[in-house]
Amino acid sequence: MAQRWRLMLLLLGRQTIRFARSPRRPRGELRDIENPKLWKAIEPPTGRLAERAWSLAKASQPEWLQNHGLRTYAWAQALGVIGGLEAHDECLFAASVLHDAGLTPAAATPSEHCFAIRGARYARQALAPVGSESVEIVAHAIARHLDLVVPVGDGVEAHLLQAGAAVDVLGQGLARIPPVVREHVLHRHPRQQMKKELCRCMQQVAATAPSTRAGFYVRRIGFINLIERSPFEE
């Protein structure tokens with residue numbers, strides 16, 4: 001089992017580098033850039049669920065983590081439009097801005113539990129007044145975002161959240177997003193030394209919850225190194 005996980009993460013790291021260096025495809029990029037649906041999709045949605053989730057994020061997260069959530073949403077939506085997938089905007093936004101709530105004091109216990117599960121539990125409770133069906137979609141996506149692969153059949157929102165987070169943390173899939181869109185998102189939601197901050201959080205997770213997914217990634221497969229090598233300047 002450990003060898004299989006190691007191989008998958010090594011391949012993931014190589015794939016990240018390949019994406020960062022892959023040649024551009026101007027024709028496809030021009031179509032994407034001119035697609036008004038893409039530009040509309042990466043804008044934060046409005047509505048009770050989105051507003052509640054963003055209020056919770058601003059109240060409990062440092063600015064670098066807030067921006068990570070906003071970029072994750074933008075990357076996820078861009079990949080969705082490019083891939084022909086349509087998510088529930090508010091559910092995906094809520095999941096994006098709260099997916100790392102387990103790294104904050106708002107969802108810090110039990111410390112030995114997976115931080116994604118803690119975050120999902122927190123989101124389910126904190127968003128409960130908005131509506132049970134939407135909240136379950138959000139909680140499911142947050143719980144799954146640390147998986148290496150989330151099939152579309154397991155939920156479009158969960159699939160796109162995992163993909164968007166992988167772009168922002170590792171650079172995986174970044175080359176699929178037109179450069180002008182990347183620049184817009186990074187300018188609007190700057191990274192603010194995210195690599196350093198996230199590595200610190202992951203090291204703490206590995207120490208307090210070593211048997212969880214994140215703990216395993218850090219201890220056995222060099223997750224910290226993969227974060228540091230992501231193709232973002234900070």
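The values are calculated or read from the model by the stated rules, or taken from the named source; none is laboratory data. In this text the structure is predicted, and so the values were computed from the model without any measurement. Cβ coordinates were reconstructed from backbone atoms using ideal geometry, including for glycine residues, and neighbour counts include every protein chain displayed.
All of (1) within 25 Å of Pro179 (Cβ to Cβ); (2) part of a helix (DSSP H, G or I); (3) modelled with pLDDT under 95; (4) basic (Lys, Arg) hold for Arg24 with one exception: (2). Within segment 177-216, if we keep just the residues that are in contact with an Asp or Glu (Cβ under 7 Å, 6 or more places away or on another chain) and outside any helix (DSSP H, G or I), the residue that is nearest to Arg71 (Cα to Cα) turns out to be Arg191.
Being over 23 Å from Thr46 (Cα atoms) and buried (at least 19 other Cβ atoms within 10 Å of the Cβ) is a property that Gly171 has. Has segment 116-128 got any residue that is closer than 14 Å to Gln77 by Cβ and within 14 Å of the chain's Cα centre (by Cα)? Looking for residues that are closer than 14 Å to Gln77 by Cβ and within 14 Å of the chain's Cα centre (by Cα), one finds none in segment 116-128, hence no. Looking only at segment 31-85, residues that are free of Cβ contacts under 8 Å to residues at least 24 places away in the same chain, of a type in the set (Ser, Thr, Tyr) and part of a helix (DSSP H, G or I) come to 1 in all.
Among the residues of segment 100-117, is any at pLDDT 95 or above, out of contact with any Gly (no Cβ under 8 Å at 6 or more places or on another chain) and under 15 Å from His189 (Cβ atoms)? For segment 100-117, residues at pLDDT 95 or above, out of contact with any Gly (no Cβ under 8 Å at 6 or more places or on another chain) and under 15 Å from His189 (Cβ atoms): absent. Scanning segment 133-166 for residues that are surrounded by fewer than 17 Cβ atoms within 10 Å (Cβ to Cβ), in contact with a Lys or Arg (Cβ under 9 Å, 6 or more places away or on another chain) and part of a helix (DSSP H, G or I) yields a count of 2. Restricting attention to segment 93-115, the residues that are assigned to a helix (DSSP H, G or I) and of a type in the set (S, T, N, Q) total 1.
The residue pairs whose first member lies in segment 116-132 and is free of Cβ contacts under 8 Å to residues at least 40 places away in the same chain and assigned to a helix (DSSP H, G or I), whose second member is surrounded by fewer than 19 Cβ atoms within 10 Å (Cβ to Cβ) and charged (D, E, K, R), and whose beta carbons are closer than 8 Å, counting only pairs six or more residues apart or on different chains, are Arg124/Glu136. Can you tell me which residues in segment 217-226 are modelled with pLDDT of 95 or more and either crowded, with 19+ Cβ neighbours inside 10 Å or assigned to a loop (DSSP other than H, G, I, E, B) (or both)? If the condition is that a residue be modelled with pLDDT of 95 or more and either crowded, with 19+ Cβ neighbours inside 10 Å or assigned to a loop (DSSP other than H, G, I, E, B) (or both), then Tyr217, Val218, Gly222, Phe223, Leu226 are the ones that fit. Scanning segment 129-155 for residues that are within 16 Å of Ser55 (Cα to Cα) and either among the charged types (D, E, K, R) or under 14 Å from the mean Cα position of the chain (by Cα) (or both) gives a single hit, Val138.
In the set (1) under 22 Å from Ile42 (Cβ atoms); (2) of a type outside the set (A, V, I, L, M, F, W, C); (3) not in a helix (DSSP H, G or I), Glu90 fails one condition alone, (3). If the Cβ limit is 8 Å and pairs must be 6+ apart or interchain, which residue in segment 137-151 that is closer than 15 Å to Ala87 by Cβ and in contact (Cβ under 8 Å) with a residue 60 or more places away in the chain pairs with which residue that is aromatic (Phe, Trp, Tyr) and buried (at least 21 other Cβ atoms within 10 Å of the Cβ)? Pairs found: none.
Once segment 148-179 is narrowed to residues that are within 22 Å of Met202 (Cα to Cα) and β-branched (Val, Ile, Thr), the residue that is modelled with the lowest pLDDT is Val149.
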